[in-house]
Amino acid sequence: MKARRVWAIWPIVVFAATTLLSQDALAHVGSPDVFLDAQAGAYRVFVTVRPPHAVPGIADVEVLTTSSDINNVRIVPLPLTGPGAQFAPAPDVAVRSPDDPRLFTGHLWMMTAGAWQVRVAVSGGRGQGNLSVPVPTMPQATLAMTRAVRMLLFGFMLVICAGFVTIVSAIVREAPLEAGEAPDRLARRRGRVAGLIATCIVVGAMFVGDWWWTAEASSYARYVYKPLEVTPTLASDGRLRLDLRDPGWIESRFLDDLIPDHGHLMHLFIVSPALDHLWHLHPDEIATGDEIATGSSSTFYLRARRRTVAFEGRLPDLPQGRYELFADLVHRTGVSETVTGQLDTPAIRGVALTGDDSEWSGPSSSTDGVSRTSDGGRIVWVRDGQALGTKQLTIFTFRVEDAAGQPASDLEPYMGMPGHAIFVKRDRRVFAHVHPSGSAPMAAMEIAMPSRPSHAHSADRLPPTVSFPYGFPEAGDYRIFVQVRRSGHIVTGAFDAHVD
């Protein structure tokens with residue numbers, strides 16, 4: 001609810017506040033925070049945006065620079081597309097941290113659900129640079145009052161209501177009297193009747209207020225993010241069909257507006273419960289469904305936008321078992337979503353992997369920071385020994401080595417990137433697909449900064465190290481999968497991480 005409704009003192013609102021119940025958040029799989037490693041003119045910056053839990057709400061923004069000659073950083077929220085993206089309001093000045101002069105922080109209002117961006121302007125000794133960070137805002141819950149606040153406001157309500165009844169009764173009882181005249185029996189009776197009427201008015205106002213507040217809360221509950229629903233179907237020949245349906249969220253979400261990200265409409269990740277198997281696949285869109293709405297006139301028909309879509313792809317060899325599904329999608333608006341599901345399957349004799357599809361199988365645990373790859377080489381996690389914490393931007397760096405233990409010289413772009421990292425919590429409650437540029441999809445980045453050169457890498461050979469900016473959303477045990485391409489072959493490393 002908007003803050004002005006929560007803190008209004010009017011008795012109706014106060015009474016209704018005492019009946020407000022919290023809503024459980026419908027989890028948006030993947031980390032809610034957005035991380036970006038990018039250039040703003042001559043300056044390299046790391047931007048972290050923590051979207052609000054409820055919308056409208058305040059997003060926290062952190063800008064970490066690598067230069068010491070930056071004078072100021074300005075930030076402003078804008079819609080990602082449409083006219084609002086072209087006319088920016090006056091930006092806020094981010095505050096420089098007294099502990100780290102390279103760190104700037106600020107807070108911005110995000111007013112609606114959907115696709116937003118945070119525009120960052122950096123100025124210093126080498127001029128000014130700008131960049132935009134795409135930020136999807138997904139309201140996760142209503143804001144519930146604490147018990148202490150509810151009781152405090154309930155007490156205020158009783159005082160105000162009692163005062164209202166007392167004042168009305170006194171006015172009606174004593175207003176006709178002369179100065180110093182004591183009220184007689186008739187005056188006292190008149191005051192009691194007025195007090196009774198005032199009490200009825202107050203009680204009626206409370207019931208109306210309770211009804212209004214409940215209606216507002218129900219309306220906002222429908223506004224809370226509802227993930228796409230998926231129904232997996234496995235054919236006898238090993239074809240996996242995924243039927244996606246919009247359960248009804250905001251009117252601007254459709255399923256006929258998906259755009260490619262890294263050359264594919266869907267990135268499907270299949271993981272085993274022990275995280276000892278991973279498949280990274282790219283099913284094809286095969287169908288969309290139509291919903292037809294009929295107007296009041298028999299000659300008027302409104303063809304509604306599509307809210308269902310189906311994908312299909314042949315699976316590789318899969319052992320019998322239950323698997324978790326995570327499917328990344330990007331809408332034309334720039335909003336990205338991760339669809340989740342489960343697949344129970346017998347053993348599948350599938351097809352060989354081709355193109356950008358990949359698989360990995362290995363031990364269920366690995367703690368030495370070294371992962372052997374299928375080509376005889378290895379991937380090494382380059383760590384500084386510091387403990388991992390939550391809500392902290394961390395640069396995860398990995399070095400790819402050949403079979404002789406030397407830095408690999410044959411790395412190639414994998415779907416336009418030096419590498420891909422997948423962060424999965426052991427209980428599969430957290431899933432994030434991250435690139436060297438950060439957690440924002442490249443399709444959304446291209447919408448936010450269409451005039452910039454593509455962030456994709458086209459060099460034939462890449463450095464042997466690849467880094468990913470990321471921050472764990474909650475404590476626990478995680479597995480990190482790192483995927484790179486070497487001489488045309490995709491190799492994967494797996495690493496375990498404990499987060500305090």
What is the calculated FRET efficiency for ASP477 to ALA141, with r their C-beta to C-beta distance and R₀ = 35 Å, to the nearest 0.05?
0.85
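Determine the per residue accessible area of segment 351-448 with all protein chains present and a 1.4 angstrom probe, expressed in square angstrom. List each step's numbers first, then the result.
On the way: 4180 Å² over 98 residues.
About 43 Å² of surface per residue is accessible.
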I'd like the distance between the alpha-carbon centres of segment 27-84 and segment 395-444, rounded to an integer number of Å.
21
Per residue, in Å², the accessible surface of segment 28-163 once ligands and nucleic acids are set aside, probe 1.4 Å:
44
Could you please state, rounded to a whole Å, how far the C-alpha centre of segment 301-360 is from the C-alpha centre of segment 475-500?
21
Using a simple spin-label model with points 7 Å from Cα along the Cα→Cβ vector, what separation in nm is obtained for TYR223 and LEU177?
5.0
Within segment 82-123, which residues have the backbone N less than 20 Å from the label spot 7 Å out from ASP69 along Cα→beta-carbon, could you tell me?
101-104, 121-123
Here, ARG241 and ARG399, labelled 7 Å along Cα→Cβ, have an inter-label distance in nm of 5.0
Rounded, prolate or oblate: which fits segment 194-233, taking a ≥ b ≥ c as square roots of the Cα gyration tensor eigenvalues, rounded meaning a/c under 1.5, else prolate when a/b beats b/c?
prolate
Ranked highest first by average number of other Cβ atoms within 10 Å, how do 113-125, 159-171 line up?
113-125, 159-171
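In whole angstrom, how long is each semi-axis of the equivalent ellipsoid of segment 105-252, when you take the square root of 5 times every eigenvalue of its Cα gyration tensor and sort them from largest down? Write out the running numbers ahead of the final one.
Details: eigenvalues 687, 156, 26 Å².
After diagonalising the Cα gyration tensor, the semi-axes are 59, 28, 11 Å.
Per the 1.4 Å probe, what fraction of the accessible area of segment 94-179, in percent, lies on carbon and sulfur atoms?
Values: 2970 of 4480 Å².
With neighbouring chains kept in place, the figure for segment 94-179 is 66 percent.
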Along Cα→Cβ, 7 Å out, is where each label goes; now give me the distance between the ones at GLU216 and MET111 in nm to one decimal.
1.8
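Apply 1/(1 + (r/R0)^6) to the Cβ-Cβ distance of ASP317 and VAL382, taking R0 = 35 Å, and write down the FRET efficiency to the nearest 0.05. Display every interim value, and only then the final one.
Numbers: r = 33 Å, r/R0 = 0.95.
Step by step, r from the Cβ atoms, then E = 0.60.
Around ASP60, what is the net charge, scoring Lys/Arg as +1 and Asp/Glu as -1 over all other residues with Cβ under 10 Å from its Cβ?
Numbers: positive: ARG50, LYS391; negative: ASP33, GLU62.
Around ASP60, the charge tally is 0.
Using helices alone, I'd like the mean residue ellipticity at 222 nm for the chain: each DSSP H run of four-plus residues gives -39500 (n - 2.57), total over residue count, nearest 500. Spell out each step's value before the answer.
On the way: 5 runs with 86 residues, N = 500.
Per the formula, -6000 deg cm²/dmol.
Could you list the GluC sites (Glu not before Pro) in segment 145-219 that lie in coil according to DSSP, counting only those with at most 15 other Cβ atoms within 10 Å of their Cβ? It would help to have the intermediate numbers written out before the result.
Working: sites: GLU174, GLU178, GLU181, GLU216; in loops: GLU178, GLU181.
Loop-located and lightly packed - GLU178, GLU181.
Once Rh is set to the Kirkwood radius over Cα pairs, what Stokes-Einstein translational diffusion coefficient, in µm²/s, holds for the chain at a temperature of 25 °C and a viscosity of 0.890 mPa s?
Working: Rh = 26.3 Å.
Value of D from the Cα-based Kirkwood radius: 93 µm²/s.
The values are calculated or read from the model by the stated rules, or taken from the named source; none is laboratory data. All figures in this text were calculated on a predicted structure; none of them were measured in a lab. Quick reminder, even Gly has a Cβ in these numbers, built from the backbone with ideal geometry, and neighbours come from all protein chains shown. These accessible areas exclude ligands, DNA and RNA; they are computed on the full protein's heavy atoms, side chains included. Shrake-Rupley method; radii C 1.70, N 1.55, O 1.52, S 1.80 Å.
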